[in-house]
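Trainee: Pasting a structure below so you can have a look.
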Amino acid sequence: MAEQAQYAQYAELARQLSGVGAVKRDLGRILPADCSAGSAAVLTLLGRHGDLRMSALAELLAVDMSVTSRHAAHLAERGWIERSPDPADKRSRILRLTPEGSAMLLELSRRSTDLLAERLSDWTDEEVGQLIRLMTRLRASFGDCRTAPHRPPPTPPPVPGSEPTTRTPARAT
């Protein structure tokens, strides 16, 4: 019975995590008109990791190179990144934040922080800290999702009274 209760908790967690999409959509609404969520993700990764090859960025974004290339072109047009040839492989490009891109990244961070501060204003510091710790732990439990093999979800425990029967069905005559 404890196994069934634990499974029900995981099912509820899955439902709650799907609600995180609403939070992400709300955060997406505060982005500047010329900065999509994909562009913001590229700026964030370049801010976190420094200069990146296009292939490394595509891997971090977990998207195809063509998608990464479109994001890079969009950001370069706005002057937020520079694309330069990779000295090790002239066919590849190195992406680097420009000062304008760093300023946009700071603006994105400010907007996100302001929205979270507004929406969580009735939370205590302890509750916000607990959420951060638990979300950090949840992400760590999943590891690097880009390279982890997909495993099918576990089979739910049987509901009492619904065990499969071993009887042979009656034949129609």
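The values are calculated or read from the model by the stated rules, or taken from the named source; none is laboratory data. All figures in this text were calculated on a predicted structure; none of them were measured in a lab. Using ideal geometry, Cβ is built from the backbone for each residue, glycine included, and neighbour counts are taken over all protein chains shown. Note: accessible area is taken over every heavy atom of the protein model, side chains too, but ligands, DNA and RNA are not part of it. Shrake-Rupley method; radii C 1.70, N 1.55, O 1.52, S 1.80 Å.
Trainee: Quick one: dipole size for the stretch 1-43, taken about the Cα centre, charges +1 on Lys/Arg Cβ and -1 on Asp/Glu Cβ, in debye to the nearest 20.
Mentor: Dipole size: approximately 140 debye.
Trainee: Rank these by accessible area, largest first, 1.4 Å probe: Arg29, Arg83, Arg91, Arg53.
Mentor: Accessible-area ranking of Arg29, Arg83, Arg91, Arg53, largest first: Arg91, Arg29, Arg83, Arg53.
Trainee: Would you kindly find the accessible area of Glu126, with a 1.4 Å probe and non-protein molecules such as ligands, DNA and RNA excluded, rounding to the nearest 10 Å²?
Mentor: Its accessible surface works out to 140 Å², give or take rounding.
Trainee: Same structure, new question: What size of dipole, in debye to the nearest 20, comes out for the stretch 1-148 about its Cα centre when the only charges are +1 on Lys and Arg C-beta atoms and -1 on Asp and Glu C-beta atoms?
Mentor: Computed about the Cα centre, the dipole is about 480 debye.
Trainee: By accessible area of protein heavy atoms, probe 1.4 Å, what ranking do His74, His49 get, highest first?
Mentor: Ranking His74, His49 by accessible area, largest first, yields His49, His74.
Trainee: Follow-up question, since we're still on this one. Once you list every other residue whose beta carbon is under 15 Å from the beta carbon of Leu43, what net charge do they have if Lys and Arg are +1 and Asp and Glu are -1?
Mentor: Neighbour charge sum, excluding Leu43 itself: +1.
Trainee: Roughly how many Å² of Val23 are accessible to a 1.4 Å probe, to the nearest 10?
Mentor: It works out to around 80 Å².
Trainee: Just the number please: accessible area per residue for the stretch 1-56, 1.4 Å probe, all protein chains included, in Å².
Mentor: With all protein chains present, the stretch 1-56 gives 65 Å² per residue.
Trainee: Which residues' amide hydrogens lie under 5 Å from the amide hydrogen of Asp86, considering only partners 5 or more residues apart or on another chain, with H built in the peptide plane?
Mentor: The answer is Ser92, Arg93, Ile94.
Trainee: Summarise the long-distance tail of P(r) for the stretch 1-107 by giving the % of C-alpha pairs beyond 24 Å.
Mentor: In whole percent, the share of Cα-Cα pairs in the stretch 1-107 beyond 24 Å is 37.
Trainee: A follow-up question, please. Figure the gain on full extension for Arg133 and Glu3 (residue separation times 0.36 nm, minus the Cα-Cα span) and round it to one decimal in nm.
Mentor: Full extension of this stretch gives 44.2 nm more.
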